[in-house]
């Protein structure tokens, strides 16, 4: 049976691409369930961006036995083709979560909820994501340390970013020292782009912004994205870390293993986990530690199911309290972005569905790994502008410049993938059907709104309740209004008007007719209709000193109130980074692996094995 969504199945040439790629990649199998035993030194829950990294690095110690449990399966074939990343959403490799209805926003979305896609597959979200590689602002990490988390300042974490990277891009010279070479994760410049890329960069210069290396010392300016791509194929943590590590006899990877509970002894020491595998209830015992790397949604969910979390909430679900930690599942942060600011252009400049499915595009990809299928679409460039509050170089907004409109596929799949109410979608966008164009999405990098992850029930197979609480803080709304105004300057720049015939799609947003067009009240209405997730949840198992009553893990990522248990993923971020989260999540896992090894240094009579941070 095909695992492609129904809307893609009629495209035989794209399926041919998959067959060619799969043939070249070979039939690598990650699952080693036939080797499963009961006792391991370390158990890692979740084989995503963090878990794959941790398990791989711990398995470098020959004397340790590592068990990696993943609720999903092997990476599907289309995951290897960057241009097909959209086909993975809401499919077999996705948890297909949805948020609760939002009181303050999502007014253009069906039932005022939005899909909250997270990877349920080897490689986790790095197998289904957009592949953007951006670390964040150096001030993000310096602030983590200033909040009472020693060792997480930028100078301390930069070596772990570099350790993960095999940088293959073109930005050398003044910023070369900020890039790592020879690491597991291939990082390349965006390999294919439309003419609009140079238009966006020229527009930035017209507005006074330089073209920058976003992974260099500062990130105010416009930039060509760097991607986790290796020679035209996705470089997920499955490819980067687990494929080579799976050859080690001391690492067992179990797919379709859904962990239902962390097991503690009478002294609150973590001794193992319970999990379901192929219809059977299993137990695995950890001699040393359990590492939870299930992500910002599922890590707090598993902790609460196991009795670690807010006591009143756990008692309400009949779950015995092991450790009363009010912060578990709190502090949920996400980057809200406005999707729908669209300009039409003259023909021949932007991306359409026919661009991706043309015989030329498919031939280029099959034979050279180039062309539009070699890159995720449609983002061409991104930018950060100065903050007008506090440190100007710690931005509150990131901008995503996309070489297509919301109707690039004639509205066939995009409304459902993004979660729009279809009536709203067609009312607002249908006028530009068949036209080329571009979109600019302001993204809120340092939101003040906070949400929660809570139990729906004590059944571990029930999805948690996800409430991002978007736009509950008025500052987030005013910041996104500033973002809209800057986006209008870019779209209306001479570079875009004269070079591409750009014309803003100025149709009044349905539901905002009562407001004076282009007034702040109108733009606020637009924000509350169109702002939605950028799929960057973080913060739900907050790293904090013991003086913070809502902290969940300490600076060594050890869970409070118990022993032998760590959380390693984006959930530990005290504040989400000012950019896409995948790079920072991999860094957290690299540093956590080193901390775990340091914690067990007595195992190494000759000292901790050397780590090359070059």
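The values are calculated or read from the model by the stated rules, or taken from the named source; none is laboratory data. For clarity, every value in this text was computed on a predicted model and none was experimentally measured. In this analysis, Cβ positions are derived from the backbone assuming ideal geometry, glycine residues included, and neighbour counts consider all displayed protein chains.
Worth pointing out:
- Top-ranked residue in segment 155-170 [being touching a strand residue (DSSP E or B) at 6+ places or on another chain (Cβ under 8 Å) and surrounded by fewer than 21 Cβ atoms within 10 Å (Cβ to Cβ); ranked as farthest from residue 224 (Cα to Cα)]: 166
- Residue list for segment 394-421, filter: closer than 22 Å to residue 96 by Cα and at pLDDT below 90: 406, 409, 411, 412, 413, 414, 415, 416, 417, 418
- Subset of segment 172-226 that is in a loop (DSSP other than H, G, I, E, B) and more than 24 Å from the chain's Cα centre (by Cα) - its residue that is surrounded by the most Cβ atoms within 10 Å (Cβ to Cβ): 194
- Residue check: residue 267 meets all listed conditions (1) under 23 Å from the mean Cα position of the chain (by Cα); (2) surrounded by fewer than 18 Cβ atoms within 10 Å (Cβ to Cβ) but one, namely (1).
- The numbered conditions (1) touching a helix residue (DSSP H, G or I) at 6+ places or on another chain (Cβ under 7 Å); (2) part of a loop (DSSP other than H, G, I, E, B); (3) more than 24 Å from residue 383 (Cα to Cα) are all true for residue 149 except (1).
- Qualifying residue in segment 242-260 (condition: out of contact with any helix residue (DSSP H, G or I) (no Cβ under 7 Å at 6 or more places or on another chain), in a strand (DSSP E or B), crowded, with 23+ Cβ neighbours inside 10 Å and at pLDDT 95 or above): yes
- Single unsatisfied condition, residue 85 versus (1) part of a loop (DSSP other than H, G, I, E, B); (2) touching a residue at least 40 places away in the same chain (Cβ under 8 Å); (3) in contact with a strand residue (DSSP E or B) (Cβ under 9 Å, 6 or more places away or on another chain); (4) surrounded by fewer than 23 Cβ atoms within 10 Å (Cβ to Cβ): (1)
- Unmet requirement for residue 71, which otherwise passes all of (1) part of a loop (DSSP other than H, G, I, E, B); (2) at pLDDT 95 or above; (3) touching a helix residue (DSSP H, G or I) at 6+ places or on another chain (Cβ under 6 Å): (3)
- Only one of the numbered conditions (1) out of contact with any strand residue (DSSP E or B) (no Cβ under 8 Å at 6 or more places or on another chain); (2) surrounded by fewer than 20 Cβ atoms within 10 Å (Cβ to Cβ) is violated by residue 523, and that is (2).
- With respect to the stated conditions, residue 532 is closer than 30 Å to residue 568 by Cβ and surrounded by 18 or more Cβ atoms within 10 Å (Cβ to Cβ).
- Among the residues of segment 353-388, those identified as under 25 Å from the mean Cα position of the chain (by Cα), part of a loop (DSSP other than H, G, I, E, B) and under 28 Å from residue 419 (Cα atoms) are 375, 376, 377, 378.
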